[in-house]
Amino acid sequence: MSCQNHDEPDDGDMVAAPPKIPVPEEVADAVRTLLRWAGDDPSREGLIDTPKRVARAWREYCQGYDEDPAHHLSRVFEEVGGYDEIVLLKDIPFQSHCEHHMAPIIGKASIAYLPENHVVGISKLARVLHGFARRLQVQERLTAQVADCIWEHLKPRGVAVVIDATHACMTARGVRTPGVGMVTSRMMGTFREDERSRKEVLALMGY
Ligand SMILES: [Zn+2]
């Protein structure tokens, strides 16, 4: 059995691998305790470096704590040629972790807004999403945080965020129902008040 394709931080070909941070001994010990608790032997060869890898991986999964996602919305463009229709970034893949089990949440998000005089670089919407996703989350809060952040800082006429994700805590444990997706949405401004706008944006998103 091998997981070196995605779990070997030493192979040098990972995209934007973060610099290796020192791992405090108490953190490595905590992972060893967990390995023992899971039923394995942390001193066997294959697990020797696992505590450090797990520790560094968790800093990476939770990188969002080190940033303010609103920062990505600070640079706006006023030259939009009178464009005042929906701007939509569709099916953005993301990963997060649930705060109840620290298990992966894997899904896609669609983020739309109705500009009022100015727009942001389209990739910034994805950056806002990742800034909140790279934390321990519940999907409902993630959805609300992304929408609220865009609403507050971009001040558009409307915001729509729909997130569709599977939760490993549901698919790999507990009720073990693979393939079940959870959909959450938050509509603000025009998308909340006007049913036609809401239907239009949901149709563009493919719902
Ligand atoms: Zn969970």
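The values are calculated or read from the model by the stated rules, or taken from the named source; none is laboratory data. Model, not experiment: these values are computed from the prediction. Backbone-built Cβ (ideal geometry, glycine too); neighbour counts: all protein chains shown.
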Checklist entry - Restricted to the range 93-102, and to residues that are surrounded by fewer than 18 Cβ atoms within 10 Å (Cβ to Cβ) and at negative phi, which residue is farthest from the ligand (Cβ to nearest atom)? => result PRO93
Checklist entry - Looking at the range 42-86, which of the residues that are of a type in the set (S, T, N, Q) and without any contact (Cβ under 8 Å) to a residue 40 or more places away in the chain is farthest from MET102 (Cα to Cα)? => result SER43
Item to check | All positions within the range 69-83 that are surrounded by 13 or more Cβ atoms within 10 Å (Cβ to Cβ) and over 12 Å from the mean Cα position of the chain (by Cα) | outcome: ALA70, HIS71, HIS72, LEU73, VAL76, VAL80
Checklist entry - In the list ALA126, ALA133, ALA147, ALA103, which residue meets the criterion of being within 16 Å of MET187 (Cβ to Cβ) and either touching a Cys at 6+ places or on another chain (Cβ under 7 Å) or not polar (S, T, N, Q) (or both)? => result ALA147
Checklist entry - On the given criteria, is ALA103 in contact with a helix residue (DSSP H, G or I) (Cβ under 6 Å, 6 or more places away or on another chain) and either at pLDDT 95 or above or among the charged types (D, E, K, R) (or both)? => result yes
Item to check | Selection status of GLY107, buried (at least 22 other Cβ atoms within 10 Å of the Cβ), within 14 Å of the chain's Cα centre (by Cα) and over 21 Å from LEU202 (Cβ atoms) | outcome: no
Item to check | the range 164-207: number of residues that are within 15 Å of the ligand (Cβ to nearest atom) and hydrophobic (A, V, I, L, M, F, W, C) | outcome: 8
Checklist entry - Checking ILE122 against (1) in contact with a His (Cβ under 8 Å, 6 or more places away or on another chain); (2) among the aliphatic types (A, V, I, L, M); (3) surrounded by fewer than 19 Cβ atoms within 10 Å (Cβ to Cβ), which single condition isn't satisfied? => result (1)
Checklist outcome for this item: Across (1) away from the ligand (no atom under 16 Å from the Cβ); (2) over 14 Å from the mean Cα position of the chain (by Cα), GLY131 clears everything bar (2)
Next on the checklist: Suppose we filter ASP68, ASP49, ASP40 for residues that are closer than 30 Å to LEU129 by Cβ and not assigned by TED's automatic domain parsing to the domain that holds PHE132; which single one remains?
Outcome noted: ASP68
